[in-house]
Amino acid sequence: TCDLLFKGNGENLPGFMIGRQLTVVFSFFLVASITGLNITPGEGENIFGVSDGAQAFLNYGFQGAVITTILASITWQLAASAFPMAFLNNPVTYILLCIALFLEWTGLSAGAWVLARLMKKATKIQYDEVYVGTPEERIANGRADKEFGDDVGHLAGGGFVGHACGSHDALDGPIRSKDALEAKVVATSSKDALDQA
């Protein structure tokens with residue numbers, strides 16, 4: 001699952017996010033068509049005998065939106081965050097990933113890429129490093145990222161090697177660990193000290 005998701009230095013991750021959203025929207029429409037009501041209030045045939053105002057509210061289909069939000073979105077996210085290894089090793093997850101990537105591949109939402117680029121230009125969004133400095137600059141200025149304790153919860157297992165402040169897009173290259181960055185800064189500082197001596 002991870003090999004497919006991060007294939008080519010993470011190229012599939014944004015595609016998965018778009019395909020996932022299309023899947024959720026499809027779920028909304030499916031559940032809305034099943035749970036939607038078309039009962040005219042005031043004719044005495046209200047579902048479960050509710051009042052006319054409650055029947056008018058139920059006719060909008062909000063109950064379907066709540067069901068879909070809970071079942072198709074939040075439940076999966078909570079399960080994935082609580083049990084990431086079990087979730088990633090589940091064959092159903094791999095199938096859903098393939099479906100999401102296929103939906104993105106069809107181009108149904110290709111306009112999202114254009115809109116994202118336009119929004120980036122209009123709002124002048126930049127990488128975190130522009131605002132807070134690169135990891136190397138933060139270390140050199142005595143503002144290194146906070147240390148992670150031995151118990152980092154579900155991030156354990158060597159999977160988390162990024163820094164606490166953010167990183168470039170998936171296509172900008174691999175993320176290096178904070179330890180590697182600190183070693184590079186120490187080596188650079190030692191070399192500079194030797195050059196000055």
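The values are calculated or read from the model by the stated rules, or taken from the named source; none is laboratory data. The structure displayed is predicted, hence computed values, not measured ones. Cβ placement follows ideal geometry from the backbone for every residue including glycine, while neighbour counts extend to all protein chains displayed. Surface accessibility is based on the protein's heavy atoms, side chains included, excluding ligands, DNA and RNA. Shrake-Rupley method; radii C 1.70, N 1.55, O 1.52, S 1.80 Å.
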Q | Debye-sum result for the stretch 19-60 in log10 I(q)/I(0), which assumes one identical scatterer on each alpha carbon, at q = 0.30, 0.32, 0.34 Å⁻¹ | A | -0.94, -1.02, -1.09
**Q.** Net length gained if the chain between residue 85 and residue 125 were fully extended (0.36 nm per residue, minus Cα distance)
**A.** 11.1 nm
Q. Gain in length, residue 52 to residue 77, computed as 0.36 nm per residue apart minus the alpha-carbon separation, to one decimal in nm?
A. 5.3 nm
Q. So what J values fall out for the stretch 101-111 if you push phi through Karplus, 6.51 cos²θ - 1.76 cosθ + 1.60 with θ = phi - 60°, rounded to Hz, Gly and Pro as x?
A. 5, 5, 4, 5, 5, 5, x, 4, 10, 4, x
Q: Return one whole number: the accessible area per residue of the stretch 1-155 in Å², for a 1.4 Å probe.
A: 72
**Q.** Solvent-accessible ranking of 18, 95, largest area first, probe 1.4 Å
**A.** 95, 18
Q. Under a point spin-label approximation (7 Å from Cα along Cα-to-Cβ), what is the residue 45-residue 140 distance to one decimal in nm?
A. 7.6
**Q.** Shape call, the stretch 1-74: gyration tensor on alpha carbons, a/c limit 1.5
**A.** prolate
Q) Of 24, 92, 50, which has the most accessible area with a 1.4 Å probe, and how do the rest follow in descending order? A) 92, 50, 24
Q. For the stretch 34-86, what is the convex hull (Cα atoms) projected area averaged across all directions, in square nanometres?
A. 4.6
Q.
Quick check: with the 1.4 Å probe, what order do 81, 109 take by accessible area, largest first?
A. 81, 109
Q: Keeping the other protein chains in place, figure out the carbon and sulfur percent of the accessible area of the stretch 16-76, with a 1.4 Å probe.
A: 72
